[in-house]
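Please read the structure below before turning to the comments.
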Amino acid sequence: MTRASKAVTDSRANLPFVYRQYSAAQLREVLYKMYLIRRFEEGAEECYTRGLIHGTMHLSIGQEASAMGICMPLAQDDQITSTHRGHGHCIAKGAEVKRMFAEFFGKTTGYCKGRGGSMHIADVGKGNLGANGIVGGGIPIAVGAALSAKMMKTGKVVVSFFGDGANNEGAFHEALNMAAIWKLPVIFVCENNGYGMSTSTARSTAVKNIAERAAAYSMPGVIVNGNIFSEVAEASHQAVARARAGEGPTLIESKTYRHRGHSKSDRNRYRTKEEIEDWMSNRDPITLFESELREFGFIDNKGIEAIRDAVAQEIADGIEFAKASPSPDVRDTGNYVYTEQA
Amino acid sequence: MDAMVRELSYAQAIQEAMAIAMDMDERVFLMGEDIGVYGGAFQVTGDLVERFGTERVIDTPISELGGAGVAVGAALTGMRPIFEFQFSDFATLAMEQIVNQAAKIRFMLGGEVSVPVVMRFPAGSGTGAAAQHSQSLEAWLGHVPGLKVIQPATPYDAKGMLLAAVADPDPVMIFEHKLLYKMKGPVPEGYYTVPIGKADIRREGRDLTVVATSIMVQKALDAAVVLEAEGIDVEVVDLRTIRPMDKQTVIDSVKKTSRLMCVYEAVKTLGIGAEVSAMIAESEAFDYLDAPIVRLGGAETPIPYNPELEKATVPQIPDIITAARDLVRGAR
C-alpha cells in the first residue's frame, strides 16, 4: 500500500507505526476488514448452527489483527499459505465473502466449487494458495512458492501462516532450514493462540517463545502482540522489506487468542471461563484498534457505525448469494482430480 | 523419425531426458539429496550440475518431507521440479506432502490450479541394501487418486516417459528399479515421449498373458524364451503405468490367450496383481479364462540382507517358468 503524504506523517510523528505509515482511508479499510472477518465467522457459525453448513469449521474470532497486520504490506500478487483456521487470512488477502460463503455452502460459485469447504478455502487469484487441513502442511509449500519467486525473479514474497501446534511438526523445522540456507523471500508467521487444540504451548513446546526457534535457523525471530494491529503490521513490514531485498526469511510469532473453541466439537475443558472472558473483554483486537483510531482522530463514532452497517449488509448479501447459488451436479464428482478431465 | 539411435543405459536415458527437459524449458529444475557434485546415489543426475549449475540442480538437506513440499509449492506456482528421492523407501518420510498435498490440491481448490511435479523413486531389491532400502512401494501411491504412477522397464521408456511426465500437468511418480539403471538398450537422440497410461505388448503369444511391471518385464521375456522351446507361447504385457491403468490392452490380451499371470516384485497381496486380477474378473475377459489367475509377487516379509534370502523373496525367472508351465499344462 502507498504511504501517507509527508505533511501528514510529520503530524503523526509520535503515533504508532501504522498511523505514520498509512492513510486514514487505508486504516478505516482495515477496520472494515477486521469487522468483515469477525462477522463472516459469526455468520458462518450461525449458518452451521442452523444446519445450512455441514462438516466443521475452525474460527479465528479474536485473531483478526494478526491476519490483517501481516497482510497489510503485501501486494496482490504476493502469496500466502494458510491453515485450518484460515478464514481471516483469506479475507485479509482480498477474498470476497460471498464466494467464501458459497464455498461453505458447497456451491459451484464457491472459491473451490464446493470441493474444499472451510478447511481448503483459497483464492489463488488474490495470492491465497489455500488453507490446509494438515497442521504444518502449508509451510514447505510456501517455501516452494518462495523458491519459484526467486528462480523466476518475480519479486514476490510469500507468507506462511501456521499455528503454535505446527511448530512441533517436522515440516516446520525442515522448511525453515531450507528457507534460511537458500535465503528465500518467505515470512513464517506463527499465530500462537496458546493452544494446539487442547494442549497448551507450555505443555507441548520446549521453548517459552516459539520465536526463539528462529535462532536455530539463523533468521530473525520477532515476537509481537498479535492483538495490536500496528505491532503486527510493523513486524510484517520489516520482514517483507527484508525478504524483498533478498536477505531471507523471518519468523514472526504473533501472540493472540481464539475466543471460540478449536472446532465445533470443543467443550472448552482446558481453559477457564475467566481466561476467555479476560481476552474477550480486555484484549479484543477490534476494540483495541477501534479505540486507537478514535483516539488519534482517524474515525468518529458515526464512521464506526457506518462501517458496522456496511459490513452487516455485505455479510447478509453474501449469505443470500450462497443460498441462491447452484449446487454441483453429482455426476461431476470426479472432476478436477486430473487436469485433462475438466 | 530419423533420430540417431544409440545404446544407452537406463540411468543415462533418464539423465538425457532431464537434460533435454531443462534445455527446452527454463522452469524445469532438479532437486534431491546429493544430486549435485556427488551425481546422485545411483549417478542418475551425474554431471548435470556442471552443465546447469547449482541453481537448477539443487542439493537439498536430508529433509524428504520438506523437500517434497518445496517441490510441490514450486510446481503450484509455475515451476516444473523433478524431485529425486534417494531411495523409494524414503517416500515414507514424505507421504504427507505426496498424498495429502500434491495429489489433492487441484481437486480441493476446484480445479483452479495444477501441481506439475515429477518425483523419481529408485526402487526394488537386489542390491544387498536390506529391508529399508529395497522396497517396492508403488502400489501405495497407486492407491491415491490425483497421482499418476509409472514404472518404465526399458531405457527407451525411461527417457520417453520421463519427458511425458515433465510435460504432464499433474503429479507423476516414477518408480525406477535400481537393477535396471545399468541395463542397456536402444534410445533415440532428441525429444520424444512415451504416453503415460498406455501398456506395451513386449512379446506376442497365444497361450498365456503375463502382465509384468518394471524389472519383471525382462524376467518374463527371458522366461518366455525358455517356454517357447517347450511349446508354450507367452504374451508379455509391460504395464508401464499403474495409475491410470491401461485396462483395455490387458483385457484384449487375456481374451486372446485365455490365461493370466501377474508378475511383480512388490509384496504379493493387496497389490498390483490383485488389481489386475480383479479388473479381469470384472471384465468381459472373465468368460474367456481357461484357468485360475496366477499372481507371482514378493514374499510376505521385509527384504532380507543375505543374498540368497534376498533372491528368494522376489520372483525369479525359474519361478515364472514353473508357474507358466503349471498354468498352461493344467497342473493347477
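Computed quantities for the displayed model
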| quantity | calculated |
| --- | --- |
| Those lysines that a straight Cα-Cα span of less than 22 Å connects to B:Lys104, excepting residues fewer than 8 apart in one chain | A:Lys107, A:Lys113, A:Lys126, B:Lys148 |
| Fraction of beta bridges assigned by DSSP in chain A that are antiparallel (%, nearest 5) | 10 |
| Other-chain or far-sequence residues with amide H under 5 Å of A:Ile223's (modelled H) | A:Glu253 |
| Shape of chain B, Cα gyration tensor, a/c cut at 1.5 | prolate |
| Qualifying lysines (Cα of each under 16 Å from Cα of A:Lys208; at least 8 residues distant if same chain) | A:Lys255 |
| Reachable lysines from B:Lys184, criterion Cα separation under 24 angstrom, eight or more residues apart if same chain | B:Lys159, B:Lys198, B:Lys219, B:Lys311 |
| Cα gyration tensor shape for the stretch A:256-342, rounded if a/c is under 1.5, else prolate or oblate | oblate |
| Gaussian network model of chain A, springs between alpha carbon atoms under 10 Å - residue of A:Arg50, A:Arg213, A:Arg39 with greatest fluctuation | A:Arg50 |
| Selected from A:Ser281, A:Gly297, A:Val330, residue furthest toward positive end of dipole (the stretch A:271-342; charges at beta carbon) | A:Val330 |
| Chain B: most fluctuating residue of B:Ala278, B:Ala266, B:Ala158 per GNM, C-alpha cutoff 10 Å | B:Ala278 |
| Within a Gaussian network of chain B (alpha carbon springs, distance under 10 Å), most fluctuating of B:Gly53, B:Gly298, B:Gly205 | B:Gly53 |
| The stretch B:200-329, dipole about Cα centre (Lys/Arg Cβ +1, Asp/Glu Cβ -1), debye to the nearest 20 | 100 |
| Point-to-point label distance, A:Asn282-B:Ala278, nm (Cα→Cβ direction, 7 Å offset) | 6.0 |
| Radius 12 Å from Cβ of A:Thr256, net charge of other residues (Lys, Arg +1; Asp, Glu -1) | -2 |
| Cα gyration tensor shape of the stretch B:40-145, rounded if a/c is under 1.5, else prolate or oblate by comparing a/b with b/c | oblate |
| Pairwise FRET efficiency - B:Leu270 versus A:Glu274, Cβ, R0 = 35 Å, nearest 0.05 | 0.05 |
| Packing-based exposure ordering (other Cβ within 10 Å, fewest first) of A:Ser204, A:Ser118 | A:Ser204, A:Ser118 |
| Only Lys, Arg (+1) and Asp, Glu (-1) charged, at Cβ; the stretch B:5-188 dipole about Cα centre in debye | 340 |
| At most 10 other Cβ within 10 Å, DSSP loop - trypsin sites (Lys or Arg not before Pro), the stretch A:240-342 | A:Arg267, A:Arg269 |
| Dipole of the protein assembly as shown, positive end: most advanced residue of A:Cys190, B:Pro304, B:Pro155 [Cβ charges, Cα centre] | A:Cys190 |
| Whole-number percent relative contact order across chain A, with pairs defined as alpha carbons under 8 Å at least 6 apart | 22 |
| B:Ile242 long-range amide H proximity, modeled H, under 5 Å | B:Val149, B:Ile150, B:Gln151 |
| The protein assembly as shown: calculated mean residue ellipticity at 222 nm from DSSP helix runs of at least 4, using -39500 (n - 2.57) | -11500 deg cm²/dmol |
| For the stretch B:186-196, 3J(HN,Hα) per residue [Karplus equation, 6.51 cos²θ - 1.76 cosθ + 1.60, θ = phi - 60°, Hz, x = Gly/Pro] | x, 9, x, 5, x, 8, 7, 10, 10, x, 7 |
| Residues whose placed amide H lies under 5 Å from that of B:Leu8, excluding near-sequence neighbours | B:Gly185, B:Val187 |
| Simple Cβ-charge dipole of the protein assembly as shown, Lys/Arg +1 and Asp/Glu -1, about Cα centre, in debye nearest 20 | 1120 |
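Read-outs throughout are calculated quantities, based only on the coordinates presented, and are distinct from any laboratory measurement. All values derive from a computational prediction rather than experimental measurement. Virtual Cβ from ideal backbone geometry, glycine too; neighbours counted across all protein chains shown.
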